[in-house]
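The values are calculated or read from the model by the stated rules, or taken from the named source; none is laboratory data. Keep in mind the model is a prediction, meaning the values are calculated, not measured. All Cβ positions, even for glycine, are placed from backbone atoms using ideal geometry, and neighbour counts span all protein chains on display. With ligands, DNA and RNA removed, areas are computed over all heavy atoms of the protein, side chains included. Shrake-Rupley method; radii C 1.70, N 1.55, O 1.52, S 1.80 Å.
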Amino acid sequence: MYNSLVKSRNRVEESWAQIDVQLKRRYDLIPNLIETVKGYAEHEKKTLALVVEKRNQLTQVPEGDRNRQIDANNQLEGALKSIFALSESYPDLKADQQFKELQQELANTENKIAYARQLYNNTVMNFNTRIQSIPTNIIAKLQHFDEREMLETPVEERVNPKVEF
């Protein structure tokens, strides 16, 4: 039973590591995106500065503080949306091949992050169920296996978008 709890805990850690890998990938793509957009939207410095600021905030999150890391990444995601909104104002930017490729890479990364979050929550649910269930709950309590928190969608992202025709 102890070994199965260790295995479950390690799966939780491994699934978190997968999220971390995708967040790092997003983080690394941002400077290329910023440089591409700069050439087309030089006077949109405020938007670009916001994205850079949110990216830099990620480096200040303490190691292991998953909730703050996810919160900082959610803020970064919001800032990235504003860059993609700029592409609507700049047809040349929208047509730029490098911008299209970066936009596609970020979209793929966002999909991978969403999948990794689902996997993490599923793994956490299985782990928490094991440490709450008899008889493994006895061993879990004796060996200090603590419940993990699932990742939740921020309230502002739960609002339905307004679509008008």
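To keep it simple, each residue is scored yes or no on (1) of a type outside the set (Phe, Trp, Tyr); (2) modelled with pLDDT of 90 or more; (3) in contact with a helix residue (DSSP H, G or I) (Cβ under 8 Å, 6 or more places away or on another chain).
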| site | (1), (2), (3) |
| --- | --- |
| LEU102 | yes, no, yes |
| ASN108 | yes, yes, no |
| ILE113 | yes, yes, yes |
| ARG117 | yes, yes, yes |
| ASN121 | yes, yes, no |
| ASN126 | yes, yes, yes |
| ASN137 | yes, yes, yes |
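I want to confirm something. Restricting to the stretch 64-102 and keeping residues that are touching a Ser or Thr at 6+ places or on another chain (Cβ under 8 Å) and touching a residue at least 40 places away in the same chain (Cβ under 8 Å), which single residue is most open to solvent (accessible area, probe 1.4 Å)?
GLN98
Does the stretch 139-160 include one or more residues that are at pLDDT 95 or above and β-branched (Val, Ile, Thr)?
Yes: one or more hits.
Give me the pairs, please: first residue somewhere in the stretch 24-42 and at negative phi and open to solvent by less than 70 Å² (accessible area, probe 1.4 Å), second residue anywhere and part of a helix (DSSP H, G or I) and among the charged types (D, E, K, R), beta-carbon distance under 6 Å, and either six or more positions apart or on two chains.
From the stretch 24-42, the pairs are LEU29/GLU105; ILE30/ARG55.
Suppose the filter is touching a residue at least 60 places away in the same chain (Cβ under 8 Å) and either assigned to a helix (DSSP H, G or I) or touching a His at 6+ places or on another chain (Cβ under 9 Å) (or both); does ASN10 pass it?
Considered against the rule, which asks whether it is touching a residue at least 60 places away in the same chain (Cβ under 8 Å) and either assigned to a helix (DSSP H, G or I) or touching a His at 6+ places or on another chain (Cβ under 9 Å) (or both), ASN10 comes out as no.
Taking LYS7 as meeting all but one of (1) under 22 Å from the mean Cα position of the chain (by Cα); (2) among the basic types (Lys, Arg); (3) surrounded by fewer than 16 Cβ atoms within 10 Å (Cβ to Cβ), write down the number of the exception.
Failing condition for LYS7: (1).
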